[in-house]
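Below: the structure, in structure tokens.
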Amino acid sequence: MPLPPTIAWSNDGTAVRIIDQRQLPASEVILELTTVADVCDAIANLAVRGAPAIGIAGAMGLVVAARSIDASSREGFLAALRDAAMLLRRTRPTAVNLPWALDRMLASAAATQGEPADISERLREEADRIAEEDRTMCRRIGECGASLIRGAARVLTHCNAGALATGGIGTALAPLYVAAERGQHVEVFVDETRPLLQGSRLTAWELSRAGIPVTVLTDGAAASLMRAGRIDLCIVGADRIAANGDVANKVGTYALAVAARHHGIPFYVAAPASTFDAATATGSDMVIEHRSGEEVTHTFGVVTAPEGVSIHNPAFDITPSALITAIISDTGIHSPPFAF
Ligand code: MRU
């Protein structure tokens with residue numbers, strides 16, 4: 001069954017339409033975001049999530065903001081646009097795709113001559129270009145990465161780096177979709193991904209819709225599955241890749257990479273050009289988002305920790321480049337030593 005688009009314009013082009021990922025897989029609810037505050041809220045609360053998807057959401061959010069700015073001068077308009085970009089930028093700090101898309105939008109606005117209406121029109125074109133390029137990059141990642149999947153393969157992934165996280169067929173899941181299209185048998189093992197369960201709720205949902213066999217496991221079960229010889233390779237996504245190849249991705253990725261190295265299993269990271277951050281030297285220079293302790297103490301509204309205990313809830317961790325077998329991108333397969 002085809003998936004609804006992760007993010008698109010409403011029919012009349014005025015609202016950003018997303019599938020509310022907080023409600024999957026129980027309900028398929030479509031939200032229409034009509035203000036920049038709506039878009040900020042959707043990103044911060046993970047109604048739309050995944051590094052490339054929040055980049056696209058940021059770009060489209062800036063179009064919505066531009067259309068509502070009431071400024072008499074071009075300078076006033078551009079200043080208000082920068083303020084809106086700042087609000088969007090602050091929603092989530094780790095994925096570089098968001099500031100990357102916003103900077104690109106602001107540069108496009110600054111380079112456009114004419115009235116605010118002309119700039120808004122140009123911004124809409126730029127946001128559409130960002131979305132379209134992401135779709136193309138996902139497909140290329142899929143085609144490059146599929147060459148690493150030989151014969152029947154049992155693949156372990158973490159979190160969701162699929163269609164729901166991008167404007168296309170995903171990053172980590174793209175090679176699996178392409179291999180399946182080519183008639184190869186792929187079987188995917190998906191970490192449930194505590195505490196918000198992007199693996200079990202989202203990855204398992206989209207893979208099953210595509211007819212790809214999927215098994216969900218608790219995060220703690222991954223290492224013993226490797227030890228039992230039931231995993232051929234791991235592929236995960238990324239939120240930011242430093243110049244030295246260190247990777248920020250969903251918390252738990254580092255533990256998987258350590259376990260994969262211990263068991264001699266290839267560990268691949270898949271990401272588009274928009275996730276590479278040459279200006280950040282290493283993983284230690286990245287900002288890791290810490291989210292509310294309530295995500296751990298009240299998992300989906302159920303009390304899951306005693307009142308008053310302190311909570312450590314980083315949304316991401318850093319996998320050192322030394323643990324990564326190769327990085328699959330739209331530009332090809334990059335092997336160590338990495339220098340981006
Ligand atoms: O907190 P999330 O759900 O936005 O985290 C998403 C991930 O960690 C993904 O693996 C990453 O963004 C890559 S998505 C192609």
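The values are calculated or read from the model by the stated rules, or taken from the named source; none is laboratory data. Source: prediction; values computed, not measured. Cβ coordinates were reconstructed from backbone atoms using ideal geometry, including for glycine residues, and neighbour counts include every protein chain displayed. Just the protein is used for accessible areas: all its heavy atoms, side chains included, with ligands, DNA and RNA removed. Shrake-Rupley method; radii C 1.70, N 1.55, O 1.52, S 1.80 Å.
Structural remarks
- For the stretch 290-340, the calculated P(r), taken from all Cα-Cα distances in 5 Å bins from zero up to the bin holding the longest distance, is 5, 16, 16, 12, 8, 8, 10, 13, 9, 3 percent.
- In plain terms, the chain is cut at each of the trypsin sites (Lys or Arg not before Pro) found in a DSSP loop with at most 12 other Cβ atoms within 10 Å, and the longest leftover piece is 183-340.
- Under the Debye formula (equal points on every Cα, no solvent term), log10 I(q)/I(0) of the stretch 195-244 at q = 0.19, 0.20, 0.28 Å⁻¹: -0.84, -0.90, -1.17
- Normalised alpha carbon radius of gyration of the stretch 206-300 [divisor 2.2 N^0.38 Å]: 1.25
- Taking the DSSP bridge list for the stretch 183-305 and keeping only pairs wholly inside it, about 30 percent are antiparallel.
- Under the span-like rule (Cα at least 15 Å along the axis, Kyte-Doolittle mean at least 1.0), DSSP H helices of the chain: 51-68
- V216 long-range amide H proximity, modeled H, under 5 Å: V190
- Per-residue HN-Hα couplings for the stretch 18-27 [Karplus 6.51, -1.76, 1.60; θ = phi - 60°; Hz; x = Gly/Pro]: 10, 8, 6, 6, 6, 9, 7, x, 5, 9
- Exposure ranking of S73, S274 by accessible area [1.4 Å probe, largest first]: S73, S274
- Computed about the Cα centre, the dipole magnitude for the stretch 138-225 is approximately 180 debye when only Lys and Arg (+1) and Asp and Glu (-1) carry charge, each at its Cβ.
- Accessible area per residue was computed with a 1.4 Å probe on protein heavy atoms; L196 scores about 30 Å².
- Net lengthening on full extension, V29/V309 (0.36 nm per residue, minus Cα-Cα): 97.4 nm
- Convex hull volume per residue for the chain, taking Cα atoms only, in Å³: 136
- In the chain, Cα pairs under 8 Å separated by at least six residues give a relative contact order of 16 percent.
- Most mobile listed residue (E143, E187, E115) in the chain, GNM with C-alpha springs under 10 Å: E115
- Leading residue at positive end of dipole, the chain (Cβ point charges), from G283, M60, L31: G283
- Taking amide hydrogens as placed 1.01 Å from N in the peptide plane, the amide H of R17 sits under 5 Å from those of A8, W9, S10, L33, each at least 5 positions away in sequence or on another chain.
- For the stretch 204-210, Karplus couplings with θ = phi - 60° (6.51, -1.76, 1.60), whole Hz, Gly/Pro x: 5, 5, 6, 5, 5, 4, 8
- DSSP bridge pairs, the chain: antiparallel proportion in percent, nearest 5: 50
- log₁₀ of I(q)/I(0) at q = 0.11, 0.12 Å⁻¹ - the stretch 36-158, Debye sum with one point per alpha carbon: -0.43, -0.49
- Accessible area per residue, Å², the chain with all protein chains present, probe 1.4 Å: 41
- Residue by residue, the stretch 190-199 carries 3J(HN,Hα) couplings of 10, 4, 5, 6, 5, x, 9, 6, 4, x Hz when phi is fed to the Karplus relation 6.51 cos²θ - 1.76 cosθ + 1.60 (θ = phi - 60°); x denotes Gly or Pro.
- Amide H contacts under 5 Å for A326: F267, V269, restricted to partners 5 or more places along the chain or on a different chain, H placed in the peptide plane at 1.01 Å from N.
- When +1 charges are put on Lys and Arg Cβ atoms and -1 charges on Asp and Glu Cβ atoms, the dipole computed for the stretch 195-335 relative to its Cα centre reaches about 460 debye.
- Rolling a 1.4 Å probe over the protein heavy atoms leaves I149 with an accessible area of roughly 10 Å².
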